[in-house]
Amino acid sequence: VGFFFSLISFLSFLFFFFFFPDISLAEDANSVANQLYSIFPFFQDIQVMLVVGLGLLLTFLPRYGLSVLTHNFLLLNFSMQWALLLQGLVHHVHHGQVHLGLRNILTAEFAAVTVLISTGAILGRTSPCQLLVMAACEIPIYFASEWAIITHLGVLDVGGTITIHVFSCYFGLGVSKALFRAAQQPVHPKETPTPRSDLMSLIGTLILWVFWPSFVAVLCQPGDAQHRAILNTLLAMSASAVTTVVASSLMDRDGKLSPGHLQNGSLAGGVAIGTVADMAMPPVAAVALGSLSAMMCLLGFKFLTPFLLRKLVLQDQCGIHNLHGLPGILGAAASAVAILVAPDDTAGYHLSPTGGNALCQVLGLAVAAGGSLLAGLLTGAALQAPCLAPPPQRLCFDDSLYFKVQDEDPSIPSHNMLRVSPLHGH
């Protein structure tokens, strides 16, 4: 079913480009050169983040690495094509033609990011077909949410903290809650990380950490604003990395580090800084924001995730609420404070003439979180259709369901050894 769903979507993509001959690829030479030299280097970095970094980050599941990397790659391409098709249709309705450029593809990839993040909440317990249907539902909802937040409310969010991270987090949690309902899923022995799988996941974290400033700064105005965004992001992520190491060792009775903390807390600063990255702020503000976001992420893993699982029976396989939700809320609050304390001359803060007030930031956060949660609940309910059956419990988190696996590790327990315990958050 998943294969035919992908085939139909690809044929639709071909149909769109074949029957709309007014698609424009060419622009004037100056515009093309400007996009090529100002956007494409950042675009390449983002490609590495999504295909390699994010894919490896999710390989902490020892028997599910091939599936994670393949599903991540498939969802990225499917979501990007679907987003391009939707952009083209909307542009054709309003302007009578379809324009395709590097910026359009970049916007489509940002839409695809929301799907990749949301998948983390239900990873390993869903089929590829369910993930593709979720992506088909989430992309148009993301575009509607982004329009309401950025265009209508005038929210400042150059790095996608609210529109991407908060939105995708609560959409994924909504899908998880509706899909698994009130039945607590038993911890599968195949989902327990091994040193090897944790190492691969940490490599993914390092790749994301290196290229994250490009993700935040790519849509900034070239020049001072883009320069500030890169510097502020580097400061925030450096602070979150150091804070993660220190806090993780303090949380352990023996003073040892948790791989799950390192894999997530080190990136929290990049999530939180997105709303204020291009603002003219003192360096200490970026450092403080990075440290606070890392602390929130780690405390979320230690206290909030078990609480939500126990009280709300909310499954969050990869801990996306700790990495994307909590730092995203912190970043939105920081942007509201930054606007309130900004001097009258806001030229250095790159504030939007259509927005730029603290209330707009709060409203944008509410729209992103509330709207995505409701949409996620509805999508999760749709994923319970009989034709979208999830994999059987004994084959969850197992590559053998989708791949020919030859060298299986005999040290990993069989599927019959199931036990109930709190989820291992990543």
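When the test is whether a residue is part of a helix (DSSP H, G or I) and at pLDDT 95 or above, Leu234 passes it. Applying the condition of being farther than 30 Å from Pro41 by Cα and either hydrophobic (A, V, I, L, M, F, W, C) or touching a strand residue (DSSP E or B) at 6+ places or on another chain (Cβ under 9 Å) (or both) to region 102-130 and asking which residue is surrounded by the most Cβ atoms within 10 Å (Cβ to Cβ) yields Ala121. Selection over region 227-257 of residues that are of a type in the set (S, T, N, Q) and without any contact (Cβ under 8 Å) to a residue 12 or more places away in the chain gives a count of 1.
Pairing residues of region 316-337 that are touching a residue at least 40 places away in the same chain (Cβ under 8 Å) and on the phi > 0 side of the Ramachandran plot with residues that are outside any helix (DSSP H, G or I) and not charged (D, E, K, R), at Cβ distances under 7 Å and at least 6 apart in sequence or on separate chains, gives Gly319/Gly425; Gly319/His426.
Checked across region 304-315, the condition of being of a type in the set (A, V, I, L, M, F, W, C), buried (at least 21 other Cβ atoms within 10 Å of the Cβ) and either touching a strand residue (DSSP E or B) at 6+ places or on another chain (Cβ under 6 Å) or at pLDDT 95 or above (or both) holds for no residue.
In summary, Leu351 fulfils each of the numbered conditions (1) at pLDDT below 95; (2) over 26 Å from Leu330 (Cβ atoms) with the single exception of condition (2). Among the criteria (1) within 15 Å of Ala112 (Cα to Cα); (2) surrounded by fewer than 21 Cβ atoms within 10 Å (Cβ to Cβ); (3) touching a helix residue (DSSP H, G or I) at 6+ places or on another chain (Cβ under 6 Å), the one His165 does not fulfil is (2). Any chance region 205-216 includes a residue that's within 23 Å of the chain's Cα centre (by Cα) and modelled with pLDDT under 95? No.
Residue selection: Ile117 satisfies the criterion of being under 30 Å from Leu395 (Cα atoms), of a type in the set (Val, Ile, Thr), touching a residue at least 40 places away in the same chain (Cβ under 8 Å) and in a helix (DSSP H, G or I).
Among all residues of region 130-147, there is none that is on the phi < 0 side of the Ramachandran plot, out of contact with any Phe, Trp or Tyr (no Cβ under 6 Å at 6 or more places or on another chain) and in a loop (DSSP other than H, G, I, E, B).
Filter region 116-125 for residues that are at pLDDT below 95 and either at positive phi or β-branched (Val, Ile, Thr) (or both) and give the result. Within region 116-125, Gly124 is the sole residue that qualifies. The combined condition, being surrounded by fewer than 17 Cβ atoms within 10 Å (Cβ to Cβ), under 12 Å from Thr192 (Cα atoms) and either of a type in the set (D, E, K, R) or at pLDDT below 70 (or both), is fulfilled by Arg419.
Can you name the helices (runs of 4 or more DSSP H) wholly within region 1-104 that have at least 2 residues being modelled with pLDDT of 90 or more and among the hydrophobic types (A, V, I, L, M, F, W, C)?
By residue number, 40-48, 54-57, 65-95.
The values are calculated or read from the model by the stated rules, or taken from the named source; none is laboratory data. On a predicted model such as this, the values are computed, not experimentally measured, just so you know. When we count neighbours, we look across all protein chains shown, and the Cβ atoms used for this are built from the backbone with ideal geometry, even at glycine.
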